[in-house]
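The values are calculated or read from the model by the stated rules, or taken from the named source; none is laboratory data. What you see is a predicted model; the values in this text were computed from it and never measured. Don't worry about glycine lacking a Cβ; one is built from the backbone with ideal geometry, like all the others, and counts go over all protein chains shown. The area values use the complete protein model at the heavy-atom level, side chains included, leaving out ligands, DNA and RNA. Shrake-Rupley method; radii C 1.70, N 1.55, O 1.52, S 1.80 Å.
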Amino acid sequence: MNPLRALVESRIDVLFAPADDDIPFDITRGSDNGLYGPGSVAWDVHGDFATMMIGGVAALLLQMLDRRAMAGVWDHSNFRADMVGRLRRTARFVGGTTYAASDQAAAMIARVRRIHSAVGGTLADGTPYRADDPATLGWVHVAGEWCFLAAYQRYAEPAMPRARQDALFAETEVLARALGSGPVPVTRRAADAYLLAMRPQLRADDRTRAVVKALDEAAPAGAASAPVQRVLMAAAFDLLPPWAAAMHGRQPGLAARALTRASAGALSASLRAGLAHRVARRNAALAARAARIAG
């Protein structure tokens, strides 16, 4: 097997392996095609593992600039000791809610809501926070989908029509609502405006720097994945809005950005080719389920 393919497959196996307390899901079963269904943009964007690796890291970097979101993770999780575990839980949740039947997705969402209901505290200035606050949930959702789309558009579909970009936000609103979010943007333009409106509330500090350090050191496949991890991190920072990257102190020059994009583009293409057999199996399973349901 190609060494890069072997490395990536081991990373996927780690990220998607279920833990004992995970809600199981099976995309071959169920009485419907899930929250989005065949032909959805969400199936395309969320299903491209190469760009989701970059977009997922970028999403975490952006989400953590909100002090309420940061506090919930900092005060109530062990991410500093188990960043791979956090990435694994996020990857499984996105995969399950994207492709599993609606009843399985609902079980995963209900579990997250139960966890959020127990998470709360007080910020350093005395401001209370809760993980189930609709505004915080809205921020996490929009920042995540914006980064997923940005990675997909840059490294998979550069000429992506605006209608398809809008569709991702419109389609995934159902997930935001199910998680308890307040109103979220349903177009790309509205999402861009939302991020800019949030900018005055965002900040980087010692906690966000700890997140970056934990991400830098996260290597699911061991030391052999370190070069891939460096490319992913550089590409994730490069994907952020320039003002967000500046908050993190990452403002590389034009030559460095060009090198990052060339490296990440080559990596994405290699990963996509190496994982084509897995994607084909997944798509065949989804097609068989759709045919059974249409029946």
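A few notes on this one:
- Among the residues of segment 59-98, the one identified as touching a residue at least 60 places away in the same chain (Cβ under 8 Å), in contact with a His (Cβ under 9 Å, 6 or more places away or on another chain) and either open to solvent by 20 Å² or more (accessible area, probe 1.4 Å) or not in a helix (DSSP H, G or I) (or both) is Leu65.
- Within the set Arg164, Arg154, the sole residue that is closer than 22 Å to Gly39 by Cβ, basic (Lys, Arg) and under 19 Å from the mean Cα position of the chain (by Cα) turns out to be Arg164.
- Residue ID - modelled with the highest pLDDT, chosen from residues in segment 216-227 that are hydrophobic (A, V, I, L, M, F, W, C) and open to solvent by 20 Å² or more (accessible area, probe 1.4 Å): Ala226
- Within segment 127-144, residues that are in a helix (DSSP H, G or I) reach partners that are surrounded by fewer than 21 Cβ atoms within 10 Å (Cβ to Cβ) and hydroxyl-bearing (Ser, Thr, Tyr) with beta carbons closer than 7 Å, at six or more positions or on different chains, in the pairs Val142/Tyr194.
- Filtered residue count, segment 99-118, keeping only those that are surrounded by fewer than 17 Cβ atoms within 10 Å (Cβ to Cβ) and in a loop (DSSP other than H, G, I, E, B): 1
- For segment 158-179, a residue qualifies if it is touching a residue at least 40 places away in the same chain (Cβ under 8 Å), open to solvent by 20 Å² or more (accessible area, probe 1.4 Å) and within 22 Å of Leu239 (Cα to Cα), and the qualifying residues are Arg164, Ala167.
- Residue ID - nearest to Gln201 (Cα to Cα), chosen from residues in segment 145-161 that are part of a helix (DSSP H, G or I) and of a type in the set (Gly, Ala, Ser): Ala150
- Scanning segment 250-281 for residues that are touching a residue at least 40 places away in the same chain (Cβ under 8 Å) and open to solvent by 60 Å² or more (accessible area, probe 1.4 Å) returns Arg261, Arg272, Arg278.
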